[in-house]
Every structure is written in C-alpha cells, then in structure tokens.
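Below is one structure, written out as structure tokens; comments come after it.
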Amino acid sequence: MEAIATMVTAEQPEWTGTATELLQVLETLGVEEKLQPNTLSRKLNICAESLLLDKKIKYFRGRDSQNRHLTLTYQEQ
C-alpha cells in the first residue's frame, strides 16, 4: 500500500490499468513481493477502505468487453 501511495498522489491523481500492469509498476518501485494478479486484486479489495481512509486513495474495479481494470484515484478530501 505504501508503494501505491507513492505512485498515486495529488500531482499524479489517477492510475488505471490491469492488475498485471499494476504489478509491473510496483516492481519498478522496488516492491519485491511476488504476487499473482488475482491475489493483488483480492488484497486491494480487502484493503480498499483503509487505503481510502489512511492514504486518501479510492480503489475502483471494473471491466470492459476485454479486460478487468483497476482505477486508483487520489481524493483531496
């Protein structure tokens, strides 16, 4: 969650992509924990409320005709 807080900030308020893409970004930020994309999604579902309350980042999951996607949005309030 700390790595997500460094990538979604007031200066960069939104990130959208798949769980696989998020894992790739987290690896570039130095996160060494090896997760499968579905495990990452599950952890985000569980931590969504604390992510919002502690880090001011709203987590949303959705899907289109081809992919499931995650959206992380920094909330000013």
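For the residues V25, V8, the requirement of being more than 17 Å from R63 (Cα to Cα), of a type in the set (A, V, I, L, M, F, W, C) and within 9 Å of the chain's Cα centre (by Cα) singles out V8. The number of residues in the range 1-56 being over 10 Å from Y74 (Cα atoms) and outside any helix (DSSP H, G or I) comes to 12.
If you go through the range 43-64 and keep only what is out of contact with any strand residue (DSSP E or B) (no Cβ under 7 Å at 6 or more places or on another chain) and not polar (S, T, N, Q), you end up with K43, I46, C47, E49, L53, D54, K55, D64.
Values quoted throughout were computed directly from the atomic coordinates according to the rules given, and no laboratory measurement underlies them. Predicted model only: the values in this text are computed from it and were never measured. Note: ideal-geometry Cβ built from the backbone for every residue, glycine included; neighbour counts use all protein chains shown.
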